[in-house]
């Protein structure tokens, strides 16, 4: 019987694909508010850079107003083939991204298959870099071996999504948080792929299979290298009239200082600074903890408008009506098992 290798640490979040009709707003949001490097490839395609990679965000014209794919960088061809073996063994359809698709993402080898909540999972082995100078308002972003940041997803089936990421990339549980929102309890689990505290966060309403979020991804996180950059971005977002979702605060589990603003497509972007790293020394003895409350201080709600509340109500109605896509081939748990 073939022993399945543990590929923890050999994959990281490399890029995100977003579909939107609001490219002009995205250009202004990315360049002027957040302070990213923006390349306008065509009238229908934008790319954002954080570092020497050609692409970290690919914004394409379309109707979704959502993240439509996550791109995961795999360290080597053997691990790449192992991930593909897991996907094909589960019977999932796998397609190779064509030359143009790979070029837009700034990668060499690209394959795509279904992911939770309709967001495609893409894997690649090598990203193309560029020596073109960065035109950014920020000094630098933290990427490298930890990847570009993390994605947070609200779900009605947290165990299934947890299993999907475990079966696919051997992500490990960092910790859990319980956050009380009025009479409801929000349960959040944080999964890491390497030294970054988490690359995927999964949130669900305890005891209720409802999802109040319209978008497939609730928020995306990127990390600035300096506190001054965090504060400057916060003021630019506010001064330029983009919506702020949560004010500056500090998280209980990874100790990251951050704020959350609303992207032109409606999901949130978290700008963070100085989170805990799970170094090899910490990894050797790491045990998941449980925290009551998501923040030590701050992260207060900012300007929750009627339109936002209506959107969340519509999301709850939709989640009660529609079945959430969990990719059962990779996310099924043994009978009676729970995470």
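The values are calculated or read from the model by the stated rules, or taken from the named source; none is laboratory data. Quantities reported herein were computed from a predicted structural model and do not represent experimental measurements. Quick reminder, even Gly has a Cβ in these numbers, built from the backbone with ideal geometry, and neighbours come from all protein chains shown.
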query = Which pairs have Cβ atoms under 7 Å, sit 6 or more apart or on different chains, and link a residue in the range 179-197 that is more than 14 Å from residue 207 (Cβ to Cβ) to one that is surrounded by 20 or more Cβ atoms within 10 Å (Cβ to Cβ) and at pLDDT below 95?
reply = 194/146; 195/146; 196/146
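Do we have residue 118 as at pLDDT 95 or above, under 18 Å from the mean Cα position of the chain (by Cα) and within 30 Å of residue 237 (Cα to Cα) here? Break it down into steps so the answer makes sense when it comes.
Values: at pLDDT 95 or above: yes; under 18 Å from the mean Cα position of the chain (by Cα): yes; within 30 Å of residue 237 (Cα to Cα): yes.
Answer is yes for this residue.
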message = I'd like to check something: does the range 237-251 contain any residue that is in a loop (DSSP other than H, G, I, E, B), modelled with pLDDT of 95 or more, crowded, with 22+ Cβ neighbours inside 10 Å and in contact with a strand residue (DSSP E or B) (Cβ under 9 Å, 6 or more places away or on another chain)?
response = no
key: Of residues in the range 66-99 being touching a residue at least 60 places away in the same chain (Cβ under 8 Å) and out of contact with any helix residue (DSSP H, G or I) (no Cβ under 9 Å at 6 or more places or on another chain), the one surrounded by the fewest Cβ atoms within 10 Å (Cβ to Cβ)   = 76
query = Are there any pairs with C-beta distances below 8 angstrom linking a residue in the range 13-29 that is not assigned by TED's automatic domain parsing to the domain that holds residue 165 and at pLDDT 95 or above to a residue that is part of a helix (DSSP H, G or I) and surrounded by 16 or more Cβ atoms within 10 Å (Cβ to Cβ), with the two at least 6 apart or on different chains, and if so which?
reply = 15/105; 17/105; 18/26; 20/26
Hits in the range 39-65 - residues which are in contact with a helix residue (DSSP H, G or I) (Cβ under 9 Å, 6 or more places away or on another chain) and either buried (at least 21 other Cβ atoms within 10 Å of the Cβ) or outside the structural domain of residue 119 (by TED's automatic domain parsing) (or both) = 46, 47, 48, 55, 57, 58, 59
query = Does residue 125 satisfy the criteria of being farther than 25 Å from residue 216 by Cα and touching a helix residue (DSSP H, G or I) at 6+ places or on another chain (Cβ under 6 Å)?
reply = yes
note = If you go through 227, 161, 231, the only one that is closer than 16 Å to residue 325 by Cβ, outside the structural domain of residue 83 (by TED's automatic domain parsing) and modelled with pLDDT of 95 or more is 161
ask   = Does residue 228 qualify as being outside any strand (DSSP E or B), out of contact with any strand residue (DSSP E or B) (no Cβ under 6 Å at 6 or more places or on another chain) and closer than 24 Å to residue 191 by Cβ?
value = no
ask   = Just to be sure, is residue 168 part of a strand (DSSP E or B), more than 14 Å from residue 293 (Cα to Cα), touching a helix residue (DSSP H, G or I) at 6+ places or on another chain (Cβ under 7 Å) and not assigned by TED's automatic domain parsing to the domain that holds residue 87?
value = no
query = If you check 122, 179, which single one turns out to be crowded, with 21+ Cβ neighbours inside 10 Å, assigned to a strand (DSSP E or B) and on the phi < 0 side of the Ramachandran plot?
reply = 122
key: Residues of the range 276-307 that turn out to be within 16 Å of residue 258 (Cα to Cα) and either at pLDDT below 95 or not in a loop (DSSP other than H, G, I, E, B) (or both), as a count   = 8
query = If a residue has to be closer than 25 Å to residue 196 by Cα and out of contact with any strand residue (DSSP E or B) (no Cβ under 6 Å at 6 or more places or on another chain) to count, how many in the range 14-32 make the cut?
reply = 0
remark   = A careful count of residues in the range 135-165 that are in contact with a helix residue (DSSP H, G or I) (Cβ under 7 Å, 6 or more places away or on another chain), surrounded by fewer than 21 Cβ atoms within 10 Å (Cβ to Cβ) and under 19 Å from residue 11 (Cα atoms) gives 0
query = Considering only residues of the range 255-271 that are surrounded by fewer than 24 Cβ atoms within 10 Å (Cβ to Cβ) and in a loop (DSSP other than H, G, I, E, B), which is farthest from the chain's Cα centre (by Cα)?
reply = 255
